[in-house]
Amino acid sequence: MRFRWMEYLRQMKEGWKLFLWKKQARKGPTALERMKVLFEQEKVPYQLISHPEAHTAPELAMSIHAPGREVAKVVIVQADGEYVMAVLPAHRQIHLTRFAQVAGARRISLAEEGEIRKLFPDCEPGAMPPLGNLYGFSIYVEESLAREPVIFFAAGTHREVIKMRFDDFQRLARPTVADFALETLKRAA
């Protein structure tokens, strides 16, 4: 019984956050609208896929029935006082020491939720796309994600995802590709 009650409270909290986000007077287009303009200008094919609400990258991978290695998640990092975007597969975690070396930064930290909300006002919290160039951020992509022919990423909401060839994404975003993720753990048999 307690589990159901806790789940109910979590859903209510998430629903309230979404209500407040939608209620805020946004000025300008949504992230999806901005991406569509970019995709049309650059003549990049993509597919917009609706899915059940998902708040984490692994949940997103499950909801669209895609392997975690193809689903891109975004981590916002502050490197020497400047925000940068780290993009890695859903099932991997960022190795901050390695990322600092890749970014050439002496001081590094993860951005806090409040900072991220301010940086991405056209996105639902935690659903920012990996197109940092739309926001003026440098982009770093984990090399294991760059090996995938197709990637999926959040379209600014927790209910829509973009599917695109990685080559097209790379042409649009012009990221630095490097190895900065922790090794994945093998499951015991």
Interatomic Cα distance distribution for the stretch 23-82, bins of 10 angstrom, percent:
16, 31, 42, 11
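Give me the net charge for the shell around Tyr135: Cβ to Cβ below 10 angstrom, other residues only, Lys and Arg +1, Asp and Glu -1. Working shown, then result.
Values: positive: Arg34; negative: Asp122.
Cβ neighbours under 10 Å give a net charge of 0.
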I'd like the Kirkwood hydrodynamic radius of the stretch 75-189, using the inverse of the mean 1/r over distinct C-alpha pairs, in Å.
14.7
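For Arg165, what is the net charge nearby, where nearby means another residue's Cβ is under 14 Å from its Cβ and Lys, Arg count +1, Asp, Glu -1?
Working: positive: Lys43, Arg147, Lys163, Arg171; negative: Glu42, Glu70, Glu148, Asp167, Asp168.
Surrounding charge for Arg165 is -1.
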Using the Cα centre of the stretch 60-133 as origin and beta-carbon charges of +1 (Lys, Arg) and -1 (Asp, Glu), tell me which of Pro89, Cys123, Leu60 is placed farthest towards the positive end of the dipole.
Pro89
Separation of the Gln170 and Leu182 label points, Cα + 7 Å toward Cβ, nm:
2.8
Magnitude of the charge dipole, the stretch 27-178, Cβ model with Lys/Arg +1 and Asp/Glu -1, debye to 20:
240
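Quick check of the Kirkwood formula: for the stretch 42-135, what is the inverse mean of 1/r over all pairs of different Cα atoms, in Å? Don't skip to the end; give the middle numbers.
Details: mean 1/r = 0.0687 Å⁻¹.
In the stretch 42-135 this quantity evaluates to 14.6 Å.
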If the chain between Gln78 and Glu112 were fully stretched, how many nm would it gain, using 0.36 nm times the residue separation less the Cα-Cα distance?
11.3 nm
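Taking loop as defined by DSSP and a crowding limit of 11 other beta carbons within 10 Å, which GluC sites (Glu not before Pro) in the stretch 120-189 fit? Each step should come with its number before you reach the end.
Values: sites: Glu142, Glu143, Glu160, Glu183; in loops: Glu183.
Filter output for the stretch 120-189: Glu183.
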Starting from the amide H of Val141, placed 1.01 Å from N in the peptide plane, find each other amide H under 5 Å away whose residue is 5 or more places distant or on another chain.
Val87, Thr176, Val177, Ala178
Which of Gln47, Leu32, Val75 sits farthest toward the positive end of the charge dipole of the stretch 30-85, with +1 on the Cβ of Lys and Arg and -1 on the Cβ of Asp and Glu?
Gln47
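Every number in this text was worked out from the coordinates using simple rules, so none of it is lab data. Computed from a predicted model, the values in this text were never measured in an experiment. Note that we place each Cβ from the backbone using ideal geometry, even for glycine, and neighbour counts take in every protein chain shown.
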